[in-house]
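Some notes on the structure that comes next.
Rule-based calculations on the coordinates, nothing more; no lab input. Nothing here was measured: the structure is a model prediction, and the numbers come from that model. Neighbour counts run over all protein chains shown; Cβ positions are idealised from the backbone, glycine included.
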């Protein structure tokens, strides 16, 4: 079943729909629940269309000026970098987050009049670091800025090598990890000293036997001489 639509005359500017004096077609639910109750539109008549023409002309001139300002601002923001400092733990996790409003406020403070709705942030930022944030004024006016979220205290350049407990808190004095290679290298000389020297094969048994044979022969020779 096709959804019913209504034709209405806009008496105020409505974002993504039209400006004052436009005649637009909208879904009946959108008209009844939003446009009509908020006084943004009404049923079109020739009289009202004529009455709104002068106001419509002024709005068009204002929009043209806003367009020129946005084009100039867009050009100024090419390659822009902005810094925000936030409190965080030793792991770099923020106490809170950086939102679209925070970024808009930082840009305005730096001299760039960027409304909150122009900051296209997918989700709040919750960790220190560098981020590319899209800024879109209109469909054809879009740029990316670099946002640096800095910690409010030194957290160390080698966070990956730090040790943390189960709750993410930094262990201030972690026990040094022993080098397995060094341990094995240190143990090997001690082990060598502890082990008794093994006799060379064929030496201990052969030498006594060689010494025993001449002694036996000498005794026989002395006995024969005595007889």
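Things worth noting here:
- Between residue 83 and residue 17, the FRET efficiency from the beta-carbon distance, with R0 = 45 Å, is close to 0.75.
- Classification of the stretch 5-76 by its C-alpha gyration tensor yields an oblate form. The axis ratio a/c (a ≥ b ≥ c) is 1.5 or more, and b/c is at least a/b.
- Inter-site label distance for residue 46 and residue 61 at 7 Å from Cα along Cβ, in nm: 2.8
- A simple spin-label model places pseudo-atoms 7 Å from Cα toward Cβ; at residue 101 and residue 28 they are separated by 3.9 nm.
- Length released on extending from residue 91 to residue 38, taking residue separation times 0.36 nm less the Cα-Cα span: 14.3 nm
- Relative contact order of the stretch 81-161, taken over Cα pairs closer than 8 Å and 6 or more residues apart, is 37 percent.
- Burial ordering of 125, 103, 11, 116, fewest other beta-carbon atoms within 10 Å first: 116, 11, 125, 103
- Reciprocal of mean inverse Cα separation for the stretch 81-161 (Kirkwood radius, Å): 13.4
- Each Cα pair under 8 Å and six or more residues apart adds its sequence gap; the mean of these over the residue count of the stretch 5-76 is a relative contact order of 31 percent.
- From least to most packed, judged by other beta carbons within 10 angstrom and beginning with the fewest, 95, 112 follow the order 95, 112.
- For 93, 77, order by how many other beta-carbon atoms lie within 10 Å, fewest first: 93, 77
- Net length gained if the chain between residue 76 and residue 112 were fully extended (0.36 nm per residue, minus Cα distance): 12.1 nm
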